[in-house]
Amino acid sequence: MSVDRRAVLAGGAAVAGLALAGPAGLTSASAAAPMATTQAPGFYRYKVGDFQITAIHDGFAGRPLEGFIRNAKLEDVQKAMGAAGLSTERLPLTFTSLVINTGAKLIVIDTGNGNSGAPTSGRWMENFKAAGFSPDQIDTILISHFHGDHINGLRLKDGAAQFPNVEIKVPEPEWAFWMDDARMNAASDALKGGFQGARRVFKDMPNVSRFQWGKEVAPGITAIQTDGHTPGHTSFMISSGGAQFIALGDVTNMPSLFVRHPGWHAVFDMNGEIAERSRRKMLDMAASEKAQVAFYHAPFPATGHIVRDGSGYDFAPALWSSAA
Ligand SMILES: [Zn+2]
């Protein structure tokens, strides 16, 4: 039996009637509170072994659902969004970066949109500071890939570098691709923007070095090859005190689409086939090892576990904890 709105409203009226007949002397507050226009600062802390991770929210941008997935019908994508209680018209793209405190070092993974993104984004620095950090405390910034929503926080639109004294480490294959002049000259107009964006951010930035996949890039943090989304896209495996954690980056976008349907190819995946291979490999590893994961584009605080569900997977978000 399904309960319709009318039955619920009728039941509600009965309950309200009872309340009216309740103890005398109770009055309801009648002052109208003004609508607030801001949220609490967007940060959230959790433990991975002996490390403390703080998720930092950079905000969101919306994009039409139409054309977002290359190899699925719009009605199937709308069905998946509807099943997750999400809009069937627009996709909310959220941005969540990570700060990892190892006890000895402060490591940041990806830096948000800076002031180059949607007006509802660019909250990273404000939230980072609200979490009690300051840029001069950072030892290392690790970059997953060179899309603007991950690197534009390194340099503002006016050219000001935001972290001139911090070691910035980027994936070697990502650097090799986007800094290749021949590739840029041969690129489509749509892709040229990506080349120009990467050069705008990293040009004359002396504190940048490159790392290889499979290497430890910071204490307890190893770079993992998860290409396809971009040619050098990298995830980070974090190990501490026997706990395993994977910062997946853009291995999947919105989990209710791509964890449920790992075979779907987002329009942002530069090579859909390779991205799918990386996605299946990482979802399988996370489910098998019961490793906690973080996504860059999942509902905040963008962390939880991957569980097997039939022939696919599901994302089980971590519960909010009042303990840091
Ligand atoms: Zn992204």
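Looking at the range 32-47, which of its residues are in a strand (DSSP E or B) and either under 16 Å from the mean Cα position of the chain (by Cα) or buried (at least 22 other Cβ atoms within 10 Å of the Cβ) (or both)?
Phe43, Tyr44, Arg45, Tyr46
Which strands (runs of 3 or more DSSP E) does the range 194-243 wholly contain that include 3 or more residues that are within 16 Å of the ligand (Cβ to nearest atom) and either modelled with pLDDT of 95 or more or crowded, with 17+ Cβ neighbours inside 10 Å (or both)?
Working: elements: 208-211, 216-218, 221-225, 234-240.
In the range 194-243, 234-240 are the strands (runs of 3 or more DSSP E) which contain 3 or more residues that are within 16 Å of the ligand (Cβ to nearest atom) and either modelled with pLDDT of 95 or more or crowded, with 17+ Cβ neighbours inside 10 Å (or both).
Yes or no: the range 117-129 includes at least one residue that is part of a loop (DSSP other than H, G, I, E, B), within 18 Å of Phe268 (Cα to Cα) and within 16 Å of the ligand (Cβ to nearest atom).
yes
Take the range 190-210 and flag every residue that is in contact with an Asp or Glu (Cβ under 9 Å, 6 or more places away or on another chain) and closer than 23 Å to His297 by Cβ.
Phe195, Ala198
Read through the list (1) within 16 Å of the ligand (Cβ to nearest atom); (2) not in a loop (DSSP other than H, G, I, E, B); (3) not aliphatic (A, V, I, L, M), then give the number of the only condition that Phe146 fails.
(2)
Could you check how many residues of the range 171-193 are within 21 Å of Gly112 (Cβ to Cβ) and either polar (S, T, N, Q) or not in a strand (DSSP E or B) (or both)?
4
Cβ-Cβ below 6 Å, separation at least six or inter-chain, first residue in the range 246-273 and in a helix (DSSP H, G or I), second within 14 Å of the ligand (Cβ to nearest atom) and modelled with pLDDT of 95 or more: which pairs?
From the range 246-273, the pairs are Pro255/Ala298; Phe258/Thr252.
Quick check on this structure: which one of Asp139, Asp189 is at negative phi and at pLDDT below 95?
Details: Asp139 fails: at pLDDT below 95.
Exactly one of Asp139, Asp189 is at negative phi and at pLDDT below 95, namely Asp189.
The values are calculated or read from the model by the stated rules, or taken from the named source; none is laboratory data. Small disclaimer: the values here were computed from a predicted structure and weren't measured. FYI the Cβ positions are ideal-geometry reconstructions off the backbone, even for glycines, and counts take in every protein chain you see.
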